[in-house]
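What follows is a short report on a single structure.
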Amino acid sequence: MERAPLEDPADEVFAFGYRRLYEDGLRLLGALGKTRAFPRDVAGVEALIGAVAKDEPDEPIRIAAETPGELPRYSGEHLLWVAPLGDGRLRLRGEEYGLAAVAATLGPDGRFSAFERQQGFGVTDGDLTEQARADRAQVERRIREDEAAAAESRRHLEETRGRFRTAGLRAVAAAPWQDPIGLVITWVAFYAPGFIVSYLMPPDPEDRWPGLTVTDDLGNAYEVVGFGHDDPGLARRHGSLEFAPGVAAGASRLVIRGDSGVIDVEVPG
C-alpha cells in the first residue's frame, strides 16, 4: 500500500479527511470514558461504535470495524474504518474518493500518530481477496453513479439557466385588476419551457415570497423553479416567481391562487 507520511498532521487538521479522523477519534474517546485502553478485538470495537451511536442518536454514525492484518476495506460511502491493534490503541482509516484513505493511530490518551495517505489495497490484483474485489466493484459503481448524477445536475443547471432568456419570450399577459392593498399579480411572461409570474406586495421584514400556486383550466399544476425580488425595505416590493413546465397545449387560462385570493390570467394565442 502506498503511504506518504506527513511531517506535521496539525497542518492538515482542516482538510476534510484529517478533520474527520480528529472528530470521529474524539467521539470514540468520549465513548471510551474512563477506561484506560481501547478494545483489543473487533467485537470490542463494534461495541464501542455502538456506544457512540447510543450517545449521539441524532447524529449519523459513519464508523465501521475492520479486522487488523487483513486487506483494507472500502465501501464508497466515506466510512471511518476502525481496527484494534491489540495493545489498547486503534488504527483509524478514513475513506476518501475512490480507493483512497487517510490513516492514523489513536491512543487512549488522545494522542494521534503521524497521519498518512493510503491508496488501494497494497497488493497486486492477483492477491486480492474475494472481499477486496467486491469492495472495489462497489466503489467503482458508486463513482459511476456519482458521475452520472453530476452530469445530470449540470444538464439541469444549463437547462434552468436558459429557460427564461429574453430571446425565448413568446408573450406577456397583463393580470386583471386587484385590490392594491395586498399582493397584486401584475403580469405573466410566457416562454416555451415555463412562465414568470410578476407581483407587487407590501414589505415583509422576514423577506419571504408569496406562496402562489398555479394551475390551468385543464387541471394541470405547475411547479415553482425560481424566484427573485427587490429589497425588502421598499414600500412596495416587486418580485417574480418562475414556474415550469411550459403551459400545456390547449390551456386557455392560468388560475393563480394566493393569500389575496384567486385570479385568472388569459393565455395569449
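Observations
- Integer Hz, Karplus 6.51/-1.76/1.60 couplings in order for the range 169-176, x for Gly and Pro: 5, 9, 6, 10, 10, 6, 7, x
- Taking the Cα centre of the chain as origin and assigning +1 to Lys and Arg Cβ atoms and -1 to Asp and Glu Cβ atoms, the resulting dipole is close to 60 debye.
- Whole-number percent relative contact order across the chain, with pairs defined as alpha carbons under 8 Å at least 6 apart: 13
- Amide H to amide H distances under 5 Å link Tyr222 with Val214, where only residues 5 or more positions off or on other chains count and H is placed in the peptide plane.
- In order along the range 248-263, the phi-based Karplus estimate (6.51 cos²θ - 1.76 cosθ + 1.60, θ = phi - 60°) of 3J(HN,Hα) comes to 4, 4, x, 6, 10, 8, 9, 10, 9, 10, x, 4, 8, x, 10, 10 Hz; Gly and Pro are listed as x.
- Taking Cα centre as origin and charging only the Cβ of basic (Lys, Arg, +1) and acidic (Asp, Glu, -1) residues, the dipole magnitude of the range 57-175 rounds to 720 debye.
- Under 5 Å between amide hydrogens, built in the peptide plane, is the criterion, and for Thr186 it picks out Ser198, Tyr199, Leu200 among residues at least 5 positions away or on other chains.
- Here the range 109-259 is assigned +1 on the Cβ of each Lys and Arg and -1 on the Cβ of each Asp and Glu. Its dipole about the Cα centre then comes out at about 500 debye.
- Rounded, prolate or oblate (a/c below 1.5 giving rounded, otherwise prolate when a/b exceeds b/c) for the range 23-85 by Cα gyration tensor: oblate
- DSSP loop trypsin sites (Lys or Arg not before Pro) with at most 16 other Cβ within 10 Å: longest gap in the chain: 112-164
- Annotation note: GluC sites (Glu not before Pro) in the range 129-232 located in DSSP loop regions with a Cβ neighbour count of at most 16 within 10 Å are Glu206.
- Karplus-derived 3J(HN,Hα) values for the range 198-206, using 6.51 cos²θ - 1.76 cosθ + 1.60 with θ = phi - 60°, are 9, 8, 10, 8, x, x, 10, x, 8 Hz; glycine and proline are entered as x.
- Stokes-Einstein D for the chain, Kirkwood Rh over Cα pairs, 20 °C, 1.002 mPa s (µm²/s): 91
- Taking amide H as placed 1.01 Å from N in the peptide plane, Arg237 has its amide H under 5 Å from the amide H of Met201, each at least 5 places away in sequence or on another chain.
Throughout, read-outs are computed from the coordinates displayed, never taken from laboratory work. If you're wondering where the values come from, they're calculated on a predicted model, not measured in any experiment. No Cβ is skipped: glycine too gets one built from the backbone with ideal geometry, and neighbour counts run over all protein chains shown.
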